[in-house]
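What follows is a set of notes on a single structure, which appears directly below.
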Amino acid sequence: MRLDWGRRYLMCPPEHFGVLYEINPWMHREVPVDLDRARDEWERLRATVESAGAHVEVLDPRPGLPDLVFTANAGLVEGDRFVPSRFRHPQRQPEVAHDAAWFSSHGFVITPLPEDVHHEGAGDALPFGGVLLSGYRFRSDAASHTVLSKLLGLPVRSLELVDPRLYHLDLTFCPLDDRRAIVAPSGWDAYGRQVVEALVPEPLVLDDDEALSFCANSVVVGTTVIMPVCPARVGRLLEGWGFEVVESPVDEFLKAGGGCRCLTLALDVRLA
Amino acid sequence: MPVELVELEGHIIDSLIFAKVLDVILAAGGDYRVVDVEIGKTNTDVSTARLEVSAPDDAALASLLEALQVHGANRVTVVDATLEPCAGDGVLPAAFYSTTNLPTQVRVGERWVDVENAEMDCALVVDDDGRAHTVPMHRVRRGDRVVVGGDGVRVQAPERPRGANPFEFMASEVSSEKPKGLLVAEVAARIRRARAGGGRLLAVTGPAVVHTGAAPDLARLVREGWVDVLFSGNGFATHDIESNVLGTSLGVSIREGVPTEGGHANHLRVINEVRRRGSIAAAVEDGFVRGGVMYECVKRRVPFVLGGSLRDDGPLPDVITDVVAAADAMRALVPGVTVALMLASTLHAIATGNLLPAGVETYCVDINQAVVTKLADRGSHQALGIVTDVGLFLRELAAALCP
C-alpha cells in the first residue's frame, strides 16, 4: 500500500541561502554557493514534486536565515498540530519563530516542546509502520522522544545516529510505502539496526557510498521517488518494486549538507 | 563505589534503549541495580525504568552519567538534605533524622557524602566543611547543623550474600544446633582475615567468662595480641582479679569448684585492695595482680572500658560510673574495629551493639539463646549467634589462634 502522506509540501526559496556557518561536516564557508544555480535547482525540484502530483506551499525566505530553505527541519506535522523544532545550534534557532508564524496562520495548532530538549522536526522523525522513527545524538536528544510521544500520543522508536556525515535521520531512512523503506544502516548503532530490522519488512539497504550520495534523502510522492542522483543499483531495485525514480540535482544545497527531502516538509502527515 | 539513581523513560523496550543503557554501564566498568521497571501497557504508553548506577570512583561515575544522558537516562533529581541548627546543647531539632547502623550517605551541596561513623539512634551532623558524621543526642552543641526529615539521606542496605553457610548470611542467625567446632574454626579464620586486613578485634566480656574458667584462655588471646579493645563491667574485672589473687571467682574455687571459707567477701577484699592502689594498672605495677585478662591488658596496653551499673560492689576505681560517659569512652574506641566478640555478656553486648556500624562482624557467644536474639532485636542484625558455653568456645578459639 502506498504512503498515505506526501501529497502536500512546504518549501522555502533560496533567496538568502548560503553557507554562512559550519554546523555539519559538509559545510565549508570557503566553498561559495552559486545562488543562481541554487534557484534553478530549487525551482526544478518544486516543479518535479508538483508534476509528481503533490501541492507545494511556499514559506517566505528571510535574510540572515540561510538554512530556512531546509523546511524539513522546521518542525513536526501531526494532523493539524505542528511541533516547532528546538534547534541544537544557536545559528538555526531564530528560524523557529518564523516557521511557527506560518503554521499558525495556516490553521495549525502550535504544540511547543519544552525548552530543555532539542529536536529537529521531520529531519529527525519519520513515520513508518504506525510508529514515529526518530534519530538522536547529533541534533535531537533521546529525551525529546519521550516528550514527543507524550505530547502527540504516539509510539516513538529511538535510533542512535553514529555517523556525523549522516547527522539527521532523514539522511538514513526514507519510507517508500507501508512495507518498504530505503535504509542506510551505516548511520546507526547496532541497537538501531535491530530496531529498523524489526520494523521494516522489505528494506532497500544502501551501502556507504550510496548513503553518502543522499539518495535516502528522497521525496516520495505516490510511486515517484525524487532524489539528487540515483545510484544504478538503487534505481533498478526501486523500478523493480514499481517506483519511478526522478533525479533532481541539488548540488548547491549539498554544500550545506541538505538534499531533496531536506528542502521539503510534508504537511499531510497524520499518525495518531 | 559511588552510586547515582537514574531514570529512563520512553519506548525504551521497543527501541532497545533499556538494553543499550545496561550494556553501556557494564562496558564502562560500572554496575547497575534495577530499582524498578514499569512497562507501558499499550503501544503508545511509555515505559519507565529506574536504575542505581555505580562506578569505581566519582570521576568514572560522572563520565558514565554523561554517557547515559545521551541515551535519555537522566539522574533522578535529588534534593540536598535539610539542615537545621540545634537550639541548645544536647537537644536536637524536633524532626531530626534518626540513624541506623548501616552505611549512610547525605546529600550536601549536590553531592553524596559518606557519613563517617555509622551508629544507630544518633543524629546526623553536617560540618561547615561539608563532612557528615553521627552524633549521639547528648553530644550535640547549640548551632550544630542537624539533618531533619528523610530527604537527601540514603542508607545502603546490607548485602545479602547467597549461601547456606551461616557465615555467608549474617542475619541474626542463631546456631544452637550447628557443629560448634566448625563454627569456632570459622570464627578463628575470620579473625585472622580481619587482622590481615588491618582490622581490630573488640572483646566484650561478662563475668561468666571467669566463672566458667575461661579467663586464662582469654588472657592468652590478649597476651598473644589477638585482642585490641576490651569492653566490660565491674563484675568481670573483679572476678578476673579475684581469681588470680585468691584463686576464687565470687568465692568459689576455680580449681575445685567449691565455695571457700569466707569466700563470699573475696571479691570485696580484692576491690578494696585495688582501690587502695588507685587503679588496676597500679595494682599490676606493684605486683598485687600477677596474671589474668586485666593484667594482660595493662601489660600489653590494650585499652579497656569498664562501664558501671547500679548493682556494682565497690566498684573498682577504673569503672566509669556515669553511664553516658562510659558509652562515650566506648564510642571513642570503636573506630577501626572490624570484628566484635560478645562473650557471655548481655548488657554490655547490647550497649556495644548500639555503637557498632553494621559492617562489623559480630559474634555473640552465650549459653542463653535469648541473649543472642535480644541483640539482634535491638538492631544489631549483623550479629551471628553461637549458643554454647563460653568456656568451651574460648578454649577452642585460643587453641586455634595461639597454637
### Summary
Per 10 angstrom bin, beginning at 0 and ending with the bin that holds the maximum distance, the Cα pairs of chain A fall in percents of 7, 33, 40, 18, 1
### Message
Can you compute the helix-only [θ] at 222 nm over chain B? Use -39500 (n - 2.57) per DSSP H run of at least 4 residues, normalise by all residues, nearest 500 deg cm²/dmol.
### Response
-10000 deg cm²/dmol
#### Entry: Pairs of Cα atoms farther than 17 Å apart, segment B:3-75, %
35
### Query
If each of residue B:256 and residue A:244 carries a label point 7 Å out from its Cα toward its Cβ, how far apart are those two points in nm?
12.5
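Between residue A:44 and residue A:207, what is the FRET efficiency for a Förster distance of 25 Å, r being their Cβ-Cβ separation, to the nearest 0.05?
Once rounded, the FRET efficiency stands at 0.35.
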### Message
If I compute solvent accessible area with a 1.4 Å probe over the protein chains, what percent of it on the protein assembly as shown is carbon and sulfur?
### Response
51
#### Entry: Residues of segment B:109-123 with amide N under 17 Å of a point placed 7 Å along Cα→Cβ from residue B:69
B:110-112
### Query
Among residues other than residue B:320 whose Cβ falls under 13 Å from its Cβ, what is the net charge (Lys/Arg +1, Asp/Glu -1)?
-3
### Query
How large is the accessible surface per residue of chain A, computed with a 1.4 Å probe and reported in Å² as a whole number?
37
### Query
What do you reckon, how do B:32, A:167 stack up by accessible area (1.4 Å probe), largest on top?
B:32, A:167
#### Entry: Rounded if a/c under 1.5, otherwise prolate or oblate - segment B:271-349, Cα gyration tensor axes
oblate
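For an R0 of 56 angstrom, estimate the FRET efficiency from the Cβ-Cβ distance between residue B:290 and residue B:138 and round to the nearest 0.05.
Efficiency, rounded to the nearest 0.05: 0.90.
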### Query
Hey, what's the Cα Rg ratio for segment A:122-235 versus the globular rule of thumb, 2.2 N^0.38 Å?
0.99
#### Entry: Formal net charge of residues neighbouring residue B:19 (Cβ-Cβ distance under 15 Å; K, R +1; D, E -1)
-2
#### Entry: Inter-part distance where segment A:252-272 and segment A:101-116 are each reduced to a Cα centre, Å
18
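Give, as a single signed number, the net charge of other residues whose beta carbon lies under 12 Å from the beta carbon of residue A:241, with Lys and Arg counted +1 and Asp and Glu -1.
Here the count lands on 0.
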### Task
Enumerate the whole-percent occupancy of each 20 Å bin, from 0 to the last occupied one, for all C-alpha pair distances of the protein assembly as shown.
16, 32, 19, 18, 12, 3, 0
### Summary
Long-range amide H partners of residue A:74, meaning residues 5 or more apart or on another chain whose placed amide H is closer than 5 Å, are A:122
### Query
What longest range of chain A stays clear of loop-exposed GluC sites (Glu not before Pro) (DSSP non-H/G/I/E/B, at most 16 other C-beta within 10 angstrom)?
A:116-272
### Summary
Dividing the helical contributions, -39500 (n - 2.57) per DSSP H run of n ≥ 4, by the residues of chain A yields a 222 nm value, nearest 500 deg cm²/dmol, of -7000 deg cm²/dmol
#### Entry: Simple spin-label estimate for residue A:1 and residue B:389 in nanometres, 7 Å along Cα-Cβ
8.8
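What does the convex hull of the Cα atoms come to per residue for chain B, in Å³?
It comes to 174 Å³ per residue, whole-number rounded.
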### Task
Would you rank A:1, B:1 by solvent-accessible area, highest first, keeping every protein chain in place and using a 1.4 Å probe?
A:1, B:1
#### Entry: Average beta carbon contacts from partner chains per residue of B:328-341, 10 Å cutoff
0
### Task
Rank these residues by their accessible area, most exposed first, probe 1.4 Å: A:168, B:264, A:98.
B:264, A:98, A:168
### Message
With a 10 Å cut-off between alpha carbons and a GNM built on chain A, which of A:105, A:144, A:134 moves the most?
### Response
A:105
### Task
Can you pull out the buried accessible area for chains A and B, both sides counted, probe 1.4 Å, rounded to the nearest 100 Å²?
1500
### Query
What residue among B:288, B:18, B:231 has the largest mean-square fluctuation in a Gaussian network model of chain B, using Cα springs under 10 Å?
B:18
### Query
Sequence-distant or interchain residues sharing an amide H contact under 5 Å with residue A:58, placed H: which?
A:11
### Query
With chain B treated as a Gaussian network of Cα nodes joined by springs under 10 Å, which of B:194, B:19, B:349 yields the largest mean-square fluctuation?
B:19
### Task
For residue B:301 paired with residue B:279, estimate the spin-label separation in nm (one decimal), with each label point 7 Å from Cα along the Cα-to-Cβ line.
1.3
### Query
Each residue of segment B:277-288 in order: what ³J(HN,Hα) in whole Hz does its phi give by Karplus 6.51 cos²θ - 1.76 cosθ + 1.60, θ = phi - 60°, with x for Gly and Pro?
8, x, 6, 4, 4, 5, 5, 6, 4, 8, x, 5
#### Entry: Under-5 Å amide H pairs with residue A:81, H placed in peptide plane, nonlocal only
A:109
### Query
Using a Förster distance of 35 Å, how high is the FRET efficiency between residue A:58 and residue A:116, based on the Cβ-Cβ distance and rounded to 0.05?
0.60
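What shape does segment B:222-373 take by its C-alpha gyration tensor, where a ≥ b ≥ c are the square roots of the eigenvalues and a/c under 1.5 counts as rounded, a/b above b/c as prolate, and the rest as oblate?
prolate
The values are calculated or read from the model by the stated rules, or taken from the named source; none is laboratory data. Not measured: the values here are computed from a predicted model. Note: ideal-geometry Cβ built from the backbone for every residue, glycine included; neighbour counts use all protein chains shown. We work out accessible area using only protein heavy atoms, side chains counted, and drop any ligands, DNA or RNA first. Shrake-Rupley method; radii C 1.70, N 1.55, O 1.52, S 1.80 Å.
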